[in-house]
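The values are calculated or read from the model by the stated rules, or taken from the named source; none is laboratory data. Note that this is a predicted model, so its numbers are computed, not measured. Please note: Cβ atoms are built from the backbone with ideal geometry, for glycine as well, and neighbour counts cover all protein chains shown. Remember, those area values only see protein heavy atoms, side chains included, never the ligands or the DNA or RNA. Shrake-Rupley method; radii C 1.70, N 1.55, O 1.52, S 1.80 Å.
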Amino acid sequence: MILLAHQQFTLRHPGGAGAALAFVRDPARALAAVDFLRGLHADTWQVRGELVVAVPLLGEVDLPFCSQLHVTPDGAELLPQALDQERAWVEVGGVARTDAQGDMAFGFEFRAHLSVPEGAGWGGAAFEKMARSAAERTLERLARTLPASIAAALIQD
């Protein structure tokens with residue numbers, strides 16, 4: 001099953017344009033306060049880790065991800081990389097753009113690939129539908145926490 005969640009928001013860096021540009025180009029700093037990420041590793045070309053979610057009916061699910069980091073003149077982009085996984089994983093993509101006032105416009109996309117136990121008959125189909133609905137709500141809820149988490153990283157910065 002594949003689930004999608006998106007989040008777009010804008011924050012202002014208190015240090016101005018130069019500080020905003022440095023912040024969005026450094027995912028380790030920008031994502032430092034995101035509590036649903038575990039094992040975050042970021043360097044100048046790649047960001048990897050696990051997105052950890054508690055999904056009703058499925059329990060805690062850790063979704064590994066790997067994204068290429070591309071620096072742009074006004075920010076950075078995360079390009080999701082497919083993982084050769086039999087179990088669950090997630091594609092994390094995004095863009096962060098800055099302007100002359102220090103505003104940072106973020107756009108994230110999560111595409112979770114989950115394996116759900118197959119069931120027979122209408123009971124199995126009903127379970128899959130409930131699991132999908134619960135997982136979608138959970139992923140969307142996590143995406144909604146990103147603005148506050150990145151704002152918290154600004155304070156810690």
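Quick notes on this one:
- In loop segments of the stretch 64-111 as defined by DSSP, the trypsin sites (Lys or Arg not before Pro) with at most 12 further C-beta atoms inside 10 Å of their C-beta are R87.
- 3J(HN,Hα) couplings calculated from phi for the stretch 88-96 with the Karplus curve 6.51 cos²θ - 1.76 cosθ + 1.60 (θ = phi - 60°) are, in sequence order, 6, 7, 9, 8, 10, x, x, 9, 9 Hz; Gly and Pro show x.
- Take every pair of alpha-carbon atoms less than 8 Å apart whose residues are at least six positions apart; their mean separation over the length of the chain yields a relative contact order of 32 percent.
- For the pair I2 and D62, the difference between a 0.36 nm per residue extended length and the Cα-Cα distance amounts to 20.1 nm.
- For R25, solvent-accessible area (1.4 Å; no DNA, RNA or ligand), Å²: 80
- Across the stretch 28-36, coupling constants 3J(HN,Hα) worked out from phi with the 6.51/-1.76/1.60 Karplus curve, θ = phi - 60°, read 4, 6, 5, 9, 4, 9, 7, 6, 9 Hz, and Gly and Pro carry x.
- Loop-located GluC sites (Glu not before Pro) in the stretch 1-97 (DSSP state not H, G, I, E or B) with no more than 11 neighbouring Cβ atoms inside 10 Å: E86.
- Ranking I155, I2 by solvent-accessible area of protein heavy atoms (1.4 Å probe, all protein chains present), from largest to smallest, gives I155, I2.
- Per-residue extension of 0.36 nm, minus the Cα-Cα distance of H113 and T72, leaves a gain of 11.9 nm for this segment.
- Largest accessible area first, the residues D157, D84, D26 order themselves as D84, D157, D26 under a 1.4 Å probe with ligands, DNA and RNA left out.
- The chain: angle of helix 146-156 to the longest principal axis, Cα-based, in degrees nearest 10: 40
- Dipole magnitude (debye, nearest 20) for the chain, charges at Cβ of Lys, Arg, Asp, Glu: 280
- What separates the Cα centres of the stretch 131-150 and the stretch 67-92 is a distance of 18 Å.
- The stretch 1-56: chymotrypsin sites (Phe, Trp or Tyr not before Pro) falling in loop per DSSP and having at most 15 other Cβ within 10 Å: W45
- Accessible area per residue in Å² at 1.4 Å probe, computed on the chain: 52
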